[in-house]
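Notes to accompany the following structure.
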Amino acid sequence: MGTAPEQFDWVKARAACSALHVFNELRLGVEEDVRRMNITSVSFAVRANTIGDYFVVFRTDNAGLRVEFNCEMKHFTVARGDKNFVVTLTLNNEGRCKIRVDDGDEMELWQLRRMMLEDLFFGPSPAQTLA
């Protein structure tokens, strides 16, 4: 059976839900996404700074096509084209660390990766090109 709700260590869970910890998990997931995309004919790369609070994903044949991730003290930002997003963290009522983009709905890291990298990897969707 699971841990009784009154036994849940929310302090430990919230400490693990820190910006730098989640940002590192995000970078590792992005690196895996890039590895999988590079199986195709288009090549992408990830470059990170040495202190681990910034990384960028770009097409190797056109570095202008890029998505930049920057970790701040309590949140991180993502720059994609001319759009900037603020990503915050929350420990939800189920005790899970979740992210929110621009105060939107809670999401998982894979959903954030898809949201930020899908256009870079696959091109804009037809609905976006018509807008």
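Please treat every number below as a calculation from the coordinates, not as lab data. This structure is a prediction, so every number in the text was calculated from the model and none was measured. Because the Cβ atoms are built from the backbone with ideal geometry, glycine has one as well, and the counts that use them run over all protein chains shown.
Sorted from largest down, what three extents in whole angstroms do the Cα atoms of segment 65-114 have along their principal axes?
Ordered largest first, segment 65-114 gives principal extents of 37, 23, 14 Å.
With everything on Cα atoms, drop me the angle between helix 19-37 and the longest principal axis of the chain, reported from 0 to 90° to the nearest 10.
Taking the Cα atoms of the chain, the angle to 19-37 is about 40 degrees.
If Lys and Arg each add +1 and Asp and Glu each add -1, what is the summed charge of the other residues whose beta carbon sits under 13 Å from the beta carbon of residue 106?
-2
By how many degrees, between 0 and 90 and to the nearest 10, does the Cα long axis of helix 109-122 differ from the longest principal axis of the chain?
Tilt of helix 109-122: around 0 degrees.
Please compute, over every Cα-Cα pair in the chain, the percentage with a separation greater than 22 angstrom.
Roughly 42 percent, once rounded to a whole number.
When the helix-only estimate is applied to the chain (DSSP H runs of n ≥ 4, each -39,500 (n - 2.57), divided by the residue count), what is the mean residue ellipticity at 222 nm, nearest 500 deg cm²/dmol?
Roughly -10500 deg cm²/dmol at 222 nm, from the helical runs in the chain.
Quick one: 107, 73, fewest Cβ neighbours within 10 Å first, how do they rank?
In increasing order of surrounding Cβ atoms, one gets 73, 107.
Once you measure Cβ to Cβ distances between cysteines in the chain, which Cys have no partner under 4.7 Å?
So far as the 4.7 Å Cβ criterion goes, 71 stand without a partner in the chain.
With +1 on the Cβ of every Lys and Arg and -1 on the Cβ of every Asp and Glu, and nothing else charged, how large is the dipole of the chain about its Cα centre, in debye rounded to the nearest 20?
The calculated dipole for the chain is roughly 260 debye.
Could you give the length gained by full extension between residue 111 and residue 12, i.e. 0.36 nm per residue of separation minus their alpha carbon distance, to one decimal place?
33.2 nm
Using the count of nearby Cβ atoms within 10 Å as a rough guide to exposure, how do 89, 20 rank from fewest to most?
20, 89
Contact order normalised by length for the chain, with contacts defined as Cα pairs under 8 Å and 6 or more residues apart; what percent is it?
Worked out over the chain, it gives 19 percent.
Using a 10 Å cut-off around each Cβ, can you sort 28, 109 from fewest to most neighbouring Cβ atoms?
28, 109
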